[in-house]
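The values are calculated or read from the model by the stated rules, or taken from the named source; none is laboratory data. In this text the structure is predicted, and so the values were computed from the model without any measurement. Cβ placement follows ideal geometry from the backbone for every residue including glycine, while neighbour counts extend to all protein chains displayed. Heads up: the accessible areas ignore ligands, DNA and RNA and are worked out on the full protein's heavy atoms, side chains in. Shrake-Rupley method; radii C 1.70, N 1.55, O 1.52, S 1.80 Å.
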Amino acid sequence: MSMILGVPAAVLFGQLLLGIINGAFYALLSLGLAVIFGLLKIINFAHGAMYMLGAMVTVIMFDAMGINYWVALVLAPLVVGCFGVLLEYFLLRRIAGQDHIYSLLLTFGVALMIQGILTNIFGVSGLRYSMPEIFQGGFKLDFMFLPYYRAWVIFMALLVCFGTWFMIEKTKLGSYLRAGTEDAQLMQGFGINVPLLISLTYGFGVMIAAFAGVLAAPIYSVTPVMGSNLLIVVFAVVVIGGMGSIAGAIITGLLMGVIEGFTKVFYPEFSSAVIFLVMVVVLLIRPSGLFGKEA
């Protein structure tokens, strides 16, 4: 068996694959947080709950209505996105313009409520969602086995990340979003419904988290606490990339997944803390993050 840096190649590339998959989820969730904070200045601590809701809605749709994976891939994020729009309209809008701590506490409370309600209904043992038949099997490479579904997750994550970046940075709609959040009165003078734009932006950020949840459902055990376990790591990724930086969230999410994967090979005991160490180092050197704008 070939060795790389004293480690079997199959083990090294296997952990690299796992790191890229984790990085794909980090990138998607960080992207949603970056969209919400960068455009709306809302610290969305309910983001992990929205990720969990995406997975839970997928399972419930299949069990209760027989809705397959492909329909759930579109429908579940839309359902959770609509919930996000309602959350922004009825709750977050009431504290618009206040200190960031208010949005943090409000969304944290909402996340706890959602998690508590679903825990009482479904428990914490976890629900299973069967892998779609089309993704059974995988690619047999020389150095490792790549399951089809893992490749699909990476492809879809990159597609959604690039599409979101392109929409916000390169299209007229994206320019409306940026302008509407920077100078609402001016945009309203041009006939733009800024409150609706803000609600839809929050809903879109939530949809990205829910989409990640749908992708995760066939891989991980679906439980009401699956989002809370991931949220702190994702916030660390966002801080490293730069709060509100769309490109920073995507690149840093993928990079941190790879770093975490390699750490599991060479120093497994440190793998759960390496992202936080990177965050500390980055904040000491560049407080605005790798891709953030200096104040």
Of the residues in segment 97-115, those that are open to solvent by less than 40 Å² (accessible area, probe 1.4 Å) and over 13 Å from residue 48 (Cβ atoms) come to 103, 109
Residue count, segment 250-272, condition modelled with pLDDT under 90 and open to solvent by 20 Å² or more (accessible area, probe 1.4 Å), comes to 9
Considering residues that are open to solvent by 10 Å² or more (accessible area, probe 1.4 Å), part of a helix (DSSP H, G or I) and farther than 17 Å from residue 164 by Cβ, the number found within segment 199-241 is 8
Log entry, pairs with first residue in segment 163-180 being touching a residue at least 40 places away in the same chain (Cβ under 8 Å) and under 20 Å from residue 248 (Cβ atoms), second being among the hydroxyl-bearing types (Ser, Thr, Tyr) and assigned to a helix (DSSP H, G or I), beta carbons closer than 8 Å, six or more apart or on different chains, reads 177/201
The correct count of residues that are aromatic (Phe, Trp, Tyr) and in contact with an Asp or Glu (Cβ under 9 Å, 6 or more places away or on another chain) in segment 20-36 is 1
| message | Among the residues in segment 191-208, are any under 12 Å from the mean Cα position of the chain (by Cα), modelled with pLDDT of 95 or more and among the β-branched types (Val, Ile, Thr)? | response | yes
Picking from 60, 43, 20, the residue that is outside any helix (DSSP H, G or I) and open to solvent by 10 Å² or more (accessible area, probe 1.4 Å) would be 43
Taking first residues from segment 228-244 that are within 16 Å of residue 108 (Cα to Cα) and second residues anywhere that are of a type in the set (Gly, Ala, Ser), the pairs with Cβ under 6 Å that are 6 or more apart or on different chains are 228/48; 230/48; 231/48; 234/30
In this structure, is residue 66 modelled with pLDDT under 95, of a type in the set (Gly, Ala, Ser) and surrounded by fewer than 19 Cβ atoms within 10 Å (Cβ to Cβ)? yes
The residue that is farthest from residue 25 (Cα to Cα), considering only those in segment 152-178 that are open to solvent by 30 Å² or more (accessible area, probe 1.4 Å) and small (Gly, Ala, Ser), is 175
Exercise for the section: Evaluate the following for residue 74: is it touching a strand residue (DSSP E or B) at 6+ places or on another chain (Cβ under 7 Å) and either surrounded by fewer than 20 Cβ atoms within 10 Å (Cβ to Cβ) or in a helix (DSSP H, G or I) (or both)? Expected result: no
For segment 114-125, pairs from a residue that is assigned to a loop (DSSP other than H, G, I, E, B) to a residue that is open to solvent by less than 40 Å² (accessible area, probe 1.4 Å) and not basic (Lys, Arg), with Cβ under 6 Å and 6 or more apart or across chains, are 124/223
Residues in segment 126-162 that are assigned to a helix (DSSP H, G or I) and not β-branched (Val, Ile, Thr) total 14
